Amino acid sequence: MAVQVENVTAVVNQVVTGLLVPMQDRPPPPGQLPEFGNAAPAGLAIVLLLLLATVFLIRNMSKRITRLPESFDGADTAEGGSDPAGTASGTAADRGEPGPARS
């Protein structure tokens, strides 16, 4: 029985050693500073800029979505409503009108 306990203890020690040794801090490779592999302040700045850009894009999209009409079914143009884009009766070339002068 004592031999089995010693064998189990030896196996447990080998497993624990095998798990703990890779977790220890290793010296940096030759020619590298100790900070090698760590995140740099430039990385933090890039992440913060991306987050800031995302916030501004979300705000802009939210404002544009609130300005959208209730529906796009075209009921306003069929009843004689105004068509600000001028697409109800086609373009100026479709109507036979001269287009804007180009310089």
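Based on what the data block shows, is A92 at pLDDT below 70, among the hydrophobic types (A, V, I, L, M, F, W, C) and surrounded by 10 or more Cβ atoms within 10 Å (Cβ to Cβ)? Answer is yes for this residue.
Among the residues of region 37-51, those identified as open to solvent by 90 Å² or more (accessible area, probe 1.4 Å) and at pLDDT 85 or above are L44, I46, L48, L49, L50, L51. Residues in region 14-24 that are modelled with pLDDT of 70 or more and open to solvent by 90 Å² or more (accessible area, probe 1.4 Å): 2 in all.
The values are calculated or read from the model by the stated rules, or taken from the named source; none is laboratory data. Keep in mind that what you see is a predicted model, and the values were worked out from it rather than measured. As a convention, Cβ positions derive from the backbone with ideal geometry for all residues, glycine included, and neighbour counts pool all protein chains shown. These area figures cover heavy atoms from the full protein model, side chains too; ligands, DNA and RNA do not enter into them. Shrake-Rupley method; radii C 1.70, N 1.55, O 1.52, S 1.80 Å.
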